[in-house]
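None of the figures in this text is laboratory data; all of them are computed from the coordinates on show. Every value quoted in this text rests on a predicted model; they were computed, and no experiment measured them. Cβ placement follows ideal geometry from the backbone for every residue including glycine, while neighbour counts extend to all protein chains displayed.
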Amino acid sequence: ELSKKHEQLRQLSRQILEAQENERRHIAVELHDEIGQLVTGLKLILERKPEDMSTVITEARAVTAELFQHLREMSLNLRPTTLDDFGLSAALDGLLKRFTKQTMITVNHNINPLDDQRFDKMIETTVFRVVQEALTNIARHAEVNIANVTMTVAPSHLQVSITDAGKGFDLKSKDQNISIGLSGMAERVNMAGGLFTLQSTPGKGTFILVEFELKTTE
């Protein structure tokens, strides 16, 4: 039994490392393909010597604005300052709006107001990352136009569910992309002291539930 546990830990560690490398690869590609192209374009515009400099300035401003937008989106995906400054509710609201704008998938959400209430930073970060990863999986695999996110906060507990009525999958699937993402979510929740529940059936969608006992912080 001990040997089995050690092997599970080794596999999980390997999956986490693979997930980290995949994320770094994604960032590197985005920097090269998106940011790199915009910077190159801006350089070429500024090197031109047209008779009408106003044209150069107008084009440079447009490219610069697009560059700042891409950098902002990358920054928000990596770590939204809203999460640290204003808390979980505001950060999730921004996440859902960006997700719909980028994917055209409508997110029906029911997040009860938290006002100025804050929670343990690890719990806030974990909930945000799980919702972010679950929505990413929906966009990549579920083949749906609608997703659902519900968060319920009571004095003693917090529950978050993310559901879709899409393709679903076999829980014993050996698809590496799916297994790494799910293992990462489950490990995040477990390390933060919460409970992670996953249900999915091919052709009938996926249900994810995250639960935490709460201690409020100032």
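Tabulated results
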quantity	calculated
Sparsely packed GluC sites (Glu not before Pro) within the stretch 118-151, loop by DSSP, other Cβ within 10 Å at most 16	GLU143
Share antiparallel - DSSP beta bridges, the stretch 49-205, percent rounded to 5	55
Computed [θ] at 222 nm, deg cm²/dmol, the chain (DSSP H ≥ 4; -39,500 (n - 2.57); rounded to nearest 500)	-19000 deg cm²/dmol
ASP93/VAL29 FRET efficiency (R0 22 Å; Cβ-Cβ; nearest 0.05)	0.20
Estimated vicinal HN-Hα couplings, Hz - the stretch 120-135 in sequence order (Karplus 6.51, -1.76, 1.60; Gly, Pro = x)	3, 4, 5, 5, 4, 5, 5, 4, 4, 5, 5, 4, 4, 5, 4, 5
Members of LYS49/LYS97; LYS4/LYS97; LYS97/LYS167; LYS97/LYS215; LYS97/LYS121 lying beyond 32 Å, as alpha-carbon distances in this model show	LYS49/LYS97; LYS4/LYS97
Long-range HN-HN contacts of LEU214 with modeled amide H, under 5 Å	HIS157, LEU158
The chain, relative contact order [Cα under 8 Å, separation at least 6], %	18
Whole-Hz ³J(HN,Hα) from phi, Karplus 6.51 cos²θ - 1.76 cosθ + 1.60, for the stretch 83-92, glycine and proline x	4, 6, 7, 10, x, 5, 4, 5, 5, 5
Semi-axis lengths (Å, descending) of the ellipsoid that matches the C-alpha gyration tensor of the stretch 1-87	45, 17, 5
For the chain, built as a Gaussian network whose Cα springs stay under 10 Å, the top-fluctuating residue of ARG129, ARG48, ARG188	ARG48
Radius, Kirkwood style, for the stretch 72-159 when every pair of distinct Cα atoms is counted (Å)	13.5
Volume per residue that the Cα convex hull of the stretch 15-166 spans, once the total is divided by residue count, Å³	148
Burial order of peptide ranges 58-67, 89-98 (average beta-carbon count within 10 Å, highest first)	89-98, 58-67
Residue-by-residue Karplus 3J(HN,Hα) for the stretch 69-75, coefficients 6.51, -1.76, 1.60, Hz, glycine and proline x	5, 5, 5, 5, 5, 4, 4
